[in-house]
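Undergrad: Dumping the structure here so I can ask a few things about it.
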2 protein chains.
Amino acid sequence: MSDPDLAIADGFAIEPGLRERKRLATRRAILMAAITVVRERGLEAATVDEIARIADVSPRTFFNYFSSKEEAIVGDGPELPGEEAQEAFVRDRSPILPAIAALFATVITPALHDQEIILARRAITKEYPEIGGRRWASIHRFEGQLTELVARRLADEDPALAADPRALTSRARLIAFITISAMRHAWLDWMDDPGERRGLLEHLDDSIRMLPEVLRPSGPR
Amino acid sequence: MSDPDLAIADGFAIEPGLRERKRLATRRAILMAAITVVRERGLEAATVDEIARIADVSPRTFFNYFSSKEEAIVGDGPELPGEEAQEAFVRDRSPILPAIAALFATVITPALHDQEIILARRAITKEYPEIGGRRWASIHRFEGQLTELVARRLADEDPALAADPRALTSRARLIAFITISAMRHAWLDWMDDPGERRGLLEHLDDSIRMLPEVLRPSGPR
DNA sequence: TGCAATATTGCACACTGTGCAACAATAGGA
DNA sequence: TCCTATTGTTGCACAGTGTGCAATATTGCA
């Protein structure tokens, strides 16, 4: 059960063999089946057995591709970009909030590739917010990773802070929480944007820019 | 299956009968059993059957008191204070962030009553962060309630904003997200505070005060 | 005491998720 | 083309969560 992405990870675009192509097709079939069942017959009807039946695989095979039902329906959690981008972020000295927003943008852009899946999932999470349960694990993991990354940058730009691990972690954690909040805020505004007049990344810019404004003690005026 | 808290909800402290006292005792027995099993034998061993066995009730009865295993181990989610406090908050015109922090304080203070349970749960969530899964539902619900409340206040203090529901919701949501982030940040700093030199509420003040500082475009300096 | 309300329990059931071993399909060289 | 190692698929048994329901036990109250 090798990761087919590894075939292109080293820069050579190896034509995937029959095995990899079948694997990707199966994964997609299960994923589409999950989304389809939820959209057409509701979250109640979306049991693993039913999804597997629609995808034409055995229920056992379902779990070879997704570790939980929610993962198939709602997708994987966010991931940090590769090492090089992380290093650049650590050494960067521009304002940190927009820098993190840019980091998010590089992560989101490829994920937005498959419009059909993205839009279906958007509709599903809007109709069934309770599906987010299993997502907690991945968001929590992402919070930890981002905190770590921000801490590296803070330590890099302020050695005095690096000498106080507790203060460093505390500050990094707050920045990570705030930016993830902005990300979620942008996502929700995007979901509420009826004509989709602005893209997700534009909403993210809006949210980041709204932050200092909202925090002014005197309130917006 | 009436809520025993209702007996005092209207201001009259009715002496609870044998039924209510037994009910509270059973609830507590299950709760303590859950915490004890996790602490002594790990999260793996903490099955519903085992917890029920320790609490000396049937597994079925466990689910009469808690809707899930996690709820027994980690406790209920946060709740907004009563109507009067909410109304006062809506009409209040002091800076909104400290005002929300004060709101949190009124909610947290009674919840901090039972030191034994609080400390045990603190240790458990520290050792097993993955337990938070089921908590997502309650945090999500709380986010929605707080957003609604903040929106009422924003509409009350700025009629122009009230006329634009989307902008109103967007702003209220961001404020709710940020303050909940600050709350979670304070909770984590509190968990990391070894000698417990500062209480949870003091950490909350710290977090709220740290917000504008962190957001300054030039960064901390 | 006796009746109404409520709590506890056992039981059957649907569902998620995992380990394991048998079986099927593919890759890649002889 | 055939052979074999590797990898993918499936069925099966199992442990666990959570729910509905009906029988039984307990409590409140007249």
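Each reported figure results from applying straightforward, stated rules to the coordinates on display, with no laboratory input. Being a predicted model, the structure only gives us computed values, none of them experimental. No Cβ is skipped: glycine too gets one built from the backbone with ideal geometry, and neighbour counts run over all protein chains shown.
Undergrad: Say whether the condition of being surrounded by 14 or more Cβ atoms within 10 Å (Cβ to Cβ) and within 14 Å of chain A (Cβ to nearest Cβ) is met by at least one residue in the stretch B:74-87.
TA: Yes, some residue in the stretch B:74-87 is surrounded by 14 or more Cβ atoms within 10 Å (Cβ to Cβ) and within 14 Å of chain A (Cβ to nearest Cβ).
Undergrad: Is it the case, given these coordinates, that A:Leu188 is under 25 Å from A:Glu79 (Cα atoms) and touching a residue at least 60 places away in the same chain (Cβ under 8 Å)? Write out each step before concluding.
TA: On the way: under 25 Å from A:Glu79 (Cα atoms): yes; touching a residue at least 60 places away in the same chain (Cβ under 8 Å): no.
So A:Leu188 does not fit the description; no.
Undergrad: Which of the residues spanning the stretch B:191-201 are touching a residue at least 60 places away in the same chain (Cβ under 8 Å) and farther than 17 Å from A:Pro165 by Cα?
TA: B:Leu200, B:Leu201
Undergrad: Does any residue in the stretch B:109-136 that is in contact (Cβ under 8 Å) with a residue 24 or more places away in the chain come within less than 6 Å, Cβ to Cβ, of a residue that is hydroxyl-bearing (Ser, Thr, Tyr) six or more places away or on a different chain, and which pairs are these?
TA: B:Arg134/B:Ser68
Undergrad: While we're here: I need the helices (runs of 4 or more DSSP H) fully contained in the stretch B:24-118, keeping only those with at least 1 residues that are over 25 Å from B:Tyr128 (Cα atoms) and within 16 Å of DNA strand D (Cβ to nearest atom).
TA: Correct list: B:59-65.
Undergrad: Report yes if B:Pro165 is over 21 Å from B:Ala111 (Cα atoms) and within 11 Å of chain A (Cβ to nearest Cβ), otherwise no.
TA: Yes; evaluated as a whole, the condition is true for this residue.
Undergrad: Quick check on the stretch B:193-205: of everything there that is within 11 Å of another protein chain (Cβ to nearest Cβ) and surrounded by 14 or more Cβ atoms within 10 Å (Cβ to Cβ), which residue is farthest from B:Val107 (Cα to Cα)?
TA: Within the stretch B:193-205, the subset within 11 Å of another protein chain (Cβ to nearest Cβ) is B:193-194, B:203.
Applying the additional criterion that residues be surrounded by 14 or more Cβ atoms within 10 Å (Cβ to Cβ) yields B:193, B:203.
Values: B:Asp193: 22, B:His203: 15 Å.
Selected residue: B:Asp193.
Undergrad: Just wondering, is there one or more residues in the stretch B:120-134 that are closer than 27 Å to B:Arg39 by Cβ, within 13 Å of another protein chain (Cβ to nearest Cβ) and assigned to a loop (DSSP other than H, G, I, E, B)?
TA: So far as the stretch B:120-134 goes, yes, one or more of its residues are closer than 27 Å to B:Arg39 by Cβ, within 13 Å of another protein chain (Cβ to nearest Cβ) and assigned to a loop (DSSP other than H, G, I, E, B).
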